[in-house]
Amino acid sequence: MGHLKFFLNSDEINLDFSLNGHVTRTRYFYKSMMLIDSHAHLEMPDFKKDLEAVIQRAKGSGVEYIFTVGTEKKDWKRALEIADSHPSVYAILGVHPHNAKEIDDQTYPMLKELCRNEKVKAYGEIGLDFFRNLSPRDIQLRRFREQIGLAKELGLPIVVHDREAHQETLEILKSEKAEECGGIIHCFSGDDEMAKVCMDMGFYISIPGSITFKNAERFREIVKRIPLESLLVETDAPFITPEPFRGKRNEPSYVRYTAQKVSEIKKVTFEKVAEITTENALRVYRLQFSP
Ligand code: NI
């Protein structure tokens, strides 16, 4: 016979079932008044000096989990190190469209290996950036398609980066049947129609700090019409710092300003936004198992 072990953390219950030395863990989250920063870049040099303080401040602001995104080869191991050494941090790995031109024969085998780590909860960020065009467009398109295939092979949801490439992003998501892996449209900047198509494919829409900007009226109108059940909040730290800290370095604790703005726009309580966006994030990253 196997046996069950049961233990509590600050906000989760772990049930370990062991049989013949093999342990299966089921994790239940039960605290709802918490926030999740669904997308940050803690491995970037901006956080080198005060990473521990940044993670502590996030905890202190109710941000229980941070998903840090390693976007290129030099960052993957660092992202994993941070996730491995902090229970509140998980990792997302992939090749950003800016770095698409750097992909070589070694890249995918290396990612496959690294993504076996159980702290890796998604594949990304992948997609298209036709604003900065740091990699040639044809290469971005090809690598985006390939990486959707790789994510499916790995059984991971994808995190999509789309800047000034809405049409092409949608075409690829559809033709590559991205609904099979699902995932997140990070830093959403599309319109109602795009949001609808993505939601129909089972994707979540992640809202960054730019929603707090004075000139973001149109964006706020669009977010108002997206159901809370499809929304996540993110910082994309160190970038896109929300008001009232715009111009300074962004960090995960500031995700509450984004959640606060979403609550104002949708005329629901902050607690409700925290609860639903947390449930959404736990679901898409497959951290929640219903009892
Ligand atoms: Ni990012």
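Quick note: the coordinates plus some simple rules give every number you see, no bench work behind them. Since the model is a prediction, treat every value here as computed from it, not as a measurement. With ideal geometry, Cβ positions are generated from the backbone for all residues, glycine too; neighbour counts draw on all protein chains shown.
Results, tabulated for the structure shown:
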| read-out | value |
| --- | --- |
| Proximal lysines to K177, defined as alpha-carbon separation beneath 21 angstrom and excluding residues fewer than eight positions away on the same chain | K112, K121, K152, K196 |
| Listed residue (F67, V197, P45) projecting farthest to the positive dipole end of region 34-284, Cβ model | P45 |
| Nearest-20 debye value, the chain charge dipole, Cβ charges on Lys, Arg, Asp, Glu | 460 debye |
| FRET efficiency for D191 and E279, using Cβ-Cβ distance with R0 set to 30 Å, rounded to 0.05 | 0.70 |
| CD proxy at 222 nm, helix term only [per DSSP H run n ≥ 4: -39500 (n - 2.57); per residue of the chain; nearest 500] | -11000 deg cm²/dmol |
| Average Cα contact separation per residue, the chain, under 8 Å, 6 or more apart, as relative contact order % | 18 percent |
| Per-peptide average of other Cβ atoms within 10 Å, ordering 70-76, 205-211, 189-195 highest first | 205-211, 70-76, 189-195 |
| Gained length - T24 relative to D138, 0.36 nm times residue gap less alpha-carbon distance | 36.7 nm |
| Proximal aspartates and glutamates relative to K248, as straight alpha-carbon distance under 20 Å, when same-chain residues fewer than 8 apart are discounted | D37, E43, D46, D50, E52, E234, D236 |
| For peptides 112-125, 49-62, sequence by mean Cβ density within 10 Å, most packed first | 112-125, 49-62 |
| Fewest-first sequence of L156, L15 by Cβ atoms within 10 Å of each Cβ | L15, L156 |
| Order of T269, T107 - criterion: other Cβ atoms within 10 Å of each residue's Cβ, fewest first | T269, T107 |
| Global geometry of the chain, whether rounded, prolate or oblate, following the gyration tensor of its Cα atoms and the 1.5 cut on a/c | rounded |
| Fraction of antiparallel bridges per DSSP, the chain only, in percent to nearest 5 | 35 percent |
| Lys, Arg +1 and Asp, Glu -1 on Cβ, resulting dipole of region 66-177 about Cα centre, debye, nearest 20 | 100 debye |
| Cα-based reach from K267 at 16 Å (exclusive), listing aspartates and glutamates while leaving out same-chain residues under 8 positions away | E217, E221, E229, E275 |
| Computed E for E118/Q56 - FRET, C-beta separation, R0 22 angstrom, nearest 0.05 | 0.40 |
| Selection of trypsin sites (Lys or Arg not before Pro), region 192-227, meeting DSSP coil and at most 10 other Cβ within 10 Å | K214 |
